[in-house]
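Worksheet: one structure, shown below.
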Amino acid sequence: MYIPSKLFQESQPSVNLLGSMQKQDAKPSIPVEVNLPKDEAGNVDCKALVDELRECHSLQDQANYLYMLYTLKGPDWDTEIYGEPGSTVTDLLTELYGKVGATRQWALIRYISGILKKKVEALDEACTSLLSHQKHLTVGLPPEPREKTISAPLPYEELTHLIDEASDKNMSVSILTQEIMVYLAMYIRTQPSLFAEMFRLRIGLIIQVMATELAQSLSCSAEEATESLMNLSPSDMKNLLHHILSGKEFGVERSVRSLDSALTPAVSIREVGPVGATKTERAGIIRLKSEIKQVRLSLCQS
């Protein structure tokens, strides 16, 4: 995901959900520094960075500072930000998570959740539920080999590790993948007919389709669509997913919220037309159906 920052270049691998992620190493990379304080050896001066963090008022920039410290020093490094021991990077991230949660900045909430590796409730159960309905899963944005296939239930730790790898260590993409997996499991239990023609659930493809639908509905760029998707509330995320799966027409409402001392654009999802009305010509459902047919054809030929 692209997260703008005046202080750093993207602290996460750059992601365009409608295109390809930049190729990254298997391990988390150190963010590229822009005008960061340096010590005599030319390395980032983390103590000076903490001083700048102390004076920073933007929640987004605070998150970027803390991610920098997280990658350079680790989660347990004591920042001593208040002039005494006892304030680790994890402590400050947890404190920031609470502040961001109060403002409902959903993209930032997901970003910090990924850094903190917050547990997504019932994720392993969701995976098992989808597999029990004879569905194979893939995680990671297309194409292969980035996509990873899940064909058997996995313990929670193994599952999140696999999702992290498939997401190229991008924490926002990883946490969104986990979120979508839980919602898919919810819908397959309550509305199994939505999945009648689907043999394989490619979660990365579904995320791309969701971003495509937003780009078309908002007539905006891929970058803006990605940002809008990540900023959806959990209820709007579930609604958009349901519309994609069912083929129902939906509308996108723009609004502006005052957040973090600035006006921030926001979108919400609403149903259009009478209940039950469908428009199967929509790009999202056609793309999913086409993918399903391709998979079935390859199975028949093998």
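Being in contact with a helix residue (DSSP H, G or I) (Cβ under 8 Å, 6 or more places away or on another chain) and over 9 Å from D124 (Cβ atoms) is the filter here, so list the residues in region 147-159 that pass it. Once the filter is applied, which keeps residues that are in contact with a helix residue (DSSP H, G or I) (Cβ under 8 Å, 6 or more places away or on another chain) and over 9 Å from D124 (Cβ atoms), region 147-159 yields E147, K148, I150, S151, A152.
When region 70-94 is filtered for residues that are hydrophobic (A, V, I, L, M, F, W, C) and not in a helix (DSSP H, G or I), the ones remaining, listed by number, are W77, I81.
Out of Y97, Y67, one residue alone is open to solvent by 40 Å² or more (accessible area, probe 1.4 Å), assigned to a helix (DSSP H, G or I) and of a type in the set (F, W, Y). It is Y97.
The residues on offer are S268, S246, S233, S221, and the sole one that is within 23 Å of the chain's Cα centre (by Cα), over 26 Å from V139 (Cβ atoms) and at pLDDT 55 or above is S268.
Please find, within region 109-130, the residue that is modelled with the lowest pLDDT out of those that are of a type in the set (A, V, I, L, M), open to solvent by less than 10 Å² (accessible area, probe 1.4 Å) and closer than 24 Å to Y97 by Cα. Only one residue tops the list, namely I115. For region 174-190, the count of residues that are touching a helix residue (DSSP H, G or I) at 6+ places or on another chain (Cβ under 8 Å), assigned to a helix (DSSP H, G or I) and basic (K, R) is at least one. Check whether at least one residue in region 35-48 is open to solvent by less than 30 Å² (accessible area, probe 1.4 Å) and modelled with pLDDT of 90 or more, and report yes or no. Taking every residue of region 35-48 in turn, at least one turns out to be open to solvent by less than 30 Å² (accessible area, probe 1.4 Å) and modelled with pLDDT of 90 or more. Name the single residue, out of those in region 223-235 being hydroxyl-bearing (S, T, Y) and assigned to a helix (DSSP H, G or I), that is surrounded by the fewest Cβ atoms within 10 Å (Cβ to Cβ). Across region 223-235, the extreme among qualifying residues is S235. In the set (1) touching a strand residue (DSSP E or B) at 6+ places or on another chain (Cβ under 9 Å); (2) farther than 20 Å from L108 by Cβ, the condition left unmet by K73 is number (1). Of everything listed in (1) assigned to a helix (DSSP H, G or I); (2) in contact (Cβ under 8 Å) with a residue 60 or more places away in the chain, the single unmet condition for L137 is (1). Scan region 150-164 and tell me whether some residue there is open to solvent by 50 Å² or more (accessible area, probe 1.4 Å), in contact (Cβ under 8 Å) with a residue 60 or more places away in the chain, acidic (D, E) and part of a helix (DSSP H, G or I). Among the residues of region 150-164, not one is open to solvent by 50 Å² or more (accessible area, probe 1.4 Å), in contact (Cβ under 8 Å) with a residue 60 or more places away in the chain, acidic (D, E) and part of a helix (DSSP H, G or I), which makes the answer no.
The rows are residues; the columns are (1) surrounded by 17 or more Cβ atoms within 10 Å (Cβ to Cβ); (2) of a type in the set (S, T, Y).
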site	(1), (2)
M181	yes, no
Q191	no, no
L205	yes, no
V209	yes, no
S221	no, yes
M237	yes, no
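The values are calculated or read from the model by the stated rules, or taken from the named source; none is laboratory data. No experiment lies behind these values; they were computed from the predicted model shown. Cβ coordinates were reconstructed from backbone atoms using ideal geometry, including for glycine residues, and neighbour counts include every protein chain displayed. Accessible surface is based on the protein model in full, side chains and every heavy atom, while ligands, DNA and RNA are left aside. Shrake-Rupley method; radii C 1.70, N 1.55, O 1.52, S 1.80 Å.
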